[in-house]
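Okay, structure first, notes after.
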Amino acid sequence: MPKLHVPFATADMSALARSLREQLGKLDHAPSHVEMLNMLARASGHANFQHLRADAQAQARLTTEPPLERVDHARVEKVRRHFNEAGVMIRWPSRTNHQTLCLWVIWSRIPAEQRFSEREINQFIIDAHSFGDHALLRRSLVDAHMLARTPDGRLYRRIEKKPDPDALALLAAIAQRAPA
């Protein structure tokens, strides 16, 4: 049976020390290994070591999800300013890392797992922006590996991949402000 690692933490080190001193003072012998485990568990607010271990196991089962990735909210807020209330891009940002976030919004509006002619893909891009340079946006999507095209440029398709946390936050912010 593999050894279970039980994390131990306390919010108040002074209370822990006081509790251990009291428990040790009541003993007339040196505590055994199990007695020490129980004392530490009681000092941290558990009934005994078995209770501490069961609590740690339950917590491990409940937190099997991977930790959430951090979002740069300041960056998302700055990029959000490039879109109007309807979620249409009104200007192309000068910063490359802001441009990439903007591209995710356009990418999200292109249907997945379908092939489109250049005219059809242009229409998705034209509908997503208002500054009149769909060719720039189409090339940027291809360069960012969000859009694939045939060598002759006649067919396009969206490349499926997971947006980064900042892109997901931007998509959520735009969806929240868009009229119903």
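The values are calculated or read from the model by the stated rules, or taken from the named source; none is laboratory data. Here the structure is a predicted model, which means the values were calculated and not measured. Cβ atoms come from the backbone with ideal geometry, glycine included; neighbour counts cover every protein chain shown. Note: areas computed on protein heavy atoms with side chains; ligands, DNA, RNA excluded. Shrake-Rupley method; radii C 1.70, N 1.55, O 1.52, S 1.80 Å.
With +1 on each Lys and Arg Cβ and -1 on each Asp and Glu Cβ, how big is the dipole of the chain about its Cα centre, in debye rounded to the nearest 20?
Numbers: 26 positive and 20 negative charges, 70 e Å.
Roughly 340 debye for the chain.
Computed from the C-beta positions of Gln114 and Ser14 and an R0 of 45 Å, the FRET efficiency is 0.10 to the nearest 0.05. Ordered by 1.4 Å accessible area with all protein chains kept, Phe8, Phe131, Phe83 run largest first as Phe8, Phe131, Phe83.
The residue among Ala175, Ile126, Ser19 whose Cα reaches farthest toward the positive pole of the charge dipole of the chain, with charges on the beta-carbon of Lys, Arg, Asp and Glu, is Ile126. Using only Cα atoms and rounding to the nearest 10 degrees, what angle (0 to 90) does helix 165-177 make with the longest principal axis of the chain? Tilt relative to the chain: about 70 degrees. Spatially, segment 102-118 and segment 27-41 are offset by 65 Å when compared through their Cα centroids. In the context of the full set of protein chains, residues of the chain present 67 Å² of accessible surface per residue (probe radius 1.4 Å, heavy atoms only).
Shape analysis of segment 56-123 places it in the oblate category; the axes a ≥ b ≥ c from the Cα gyration tensor give an a/c of at least 1.5, with a/b not above b/c.
Going by accessible area, probe 1.4 Å, with all protein chains left in place, what is the ranking of His5, His145, largest first?
Numbers: His5 150, His145 120 Å².
Listed by decreasing accessible area, they come as His5, His145.
Between the Cα long axis of helix 49-62 and the first principal axis of the chain there is an angle of about 10°, rounded to the nearest 10. Each of Met36 and Leu24 was given a label point 7 Å from its Cα along the Cα-to-Cβ line. The distance between the two points is 1.0 nm. Give the angle, between 0 and 90 degrees and rounded to the nearest 10, that separates the Cα long axis of helix 33-43 from the longest principal axis of the Cα atoms of the chain. Long axis of 33-43 versus the principal axis of the chain: about 60 degrees.
Based on the alpha-carbon gyration tensor of the chain and its eigenvalue square roots a ≥ b ≥ c, which shape applies: rounded if a/c is under 1.5, prolate if not and a/b is larger than b/c, or oblate? Here the chain falls in the prolate category. Shown for segment 17-174: the carbon plus sulfur share of the solvent-accessible area, taken with all protein chains present and a 1.4 angstrom probe, equals 52%.
Using the rule -39500 (n - 2.57) for each DSSP H run of four or more residues, divided by the residues of the chain, the 222 nm mean residue ellipticity is -16000 deg cm²/dmol.
Ligands, DNA and RNA aside, Lys78 has an accessible area near 100 Å² when probed at 1.4 Å.
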